[in-house]
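Encoded as structure tokens, the structure appears first; notes follow it.
The values are calculated or read from the model by the stated rules, or taken from the named source; none is laboratory data. Not measured: the values here are computed from a predicted model. Don't worry about glycine lacking a Cβ; one is built from the backbone with ideal geometry, like all the others, and counts go over all protein chains shown.
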Ligand SMILES: [Zn+2]
């Protein structure tokens, strides 16, 4: 298990599983993830979505990924009780591409949900987990075009890869959104490992694994 290098000021357990972890440490509930921006409360019966949140202790929630970014967020609500969320952010989720709902990508919508419940974004602890990083994330021009629609976009997030095609820094893109949303850089516990670079530890769809996934999970204690 990879654990964010950050001591959260809340009773919280969180982590990113690897291919070495046994299933009993992982969440029971599996969302049908569809690369969009739907975020549901863990107690909802809704089966489809790309993010879960909870305020209940003892409920381990999570998303499964194999190149997309698992995003974990937690912070206090107005009454001091904890709120936690796990989001699945590939390029479609991060940009909101193809999702007709308002508010941009899934991180923006997740933080908006927290605000709507009375939370202050600067209070959130946050961590992005292992994902395909800029070293390997070759993308088509339509991906960069979608990312450019975000107000936090800056051109340094796109670089030219060895084949001449663009590479997207998806972690950097989400970090730019996080800071734009008012999250505190000192509360970032991200684990920046590349899924393609680490076959010893991590599943990668891009590397040719169609079934293996790792979890980003979080639980209020
Ligand atoms: Zn890599």
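Couple of notes before you dig in:
- When restricted to residues that are part of a helix (DSSP H, G or I) and within 26 Å of residue 17 (Cβ to Cβ), the range 155-184 contains 8.
- Looking across 148, 113, one residue alone is surrounded by fewer than 23 Cβ atoms within 10 Å (Cβ to Cβ) and within 16 Å of the chain's Cα centre (by Cα). It is 113.
- Within the range 162-187, tally of residues that are farther than 26 Å from residue 7 by Cβ and without any contact (Cβ under 8 Å) to a residue 12 or more places away in the chain: 2
- In the range 5-24, the residues that are under 16 Å from residue 73 (Cβ atoms) reach residues that are surrounded by fewer than 18 Cβ atoms within 10 Å (Cβ to Cβ) with C-beta atoms within less than 6 angstrom, at least six apart or across chains, in these pairs: 6/189; 11/221; 13/221; 15/1; 15/3.
- Only listed residue being at pLDDT below 95, on the phi > 0 side of the Ramachandran plot, out of contact with any strand residue (DSSP E or B) (no Cβ under 8 Å at 6 or more places or on another chain) and part of a loop (DSSP other than H, G, I, E, B), chosen from 212, 208: 208
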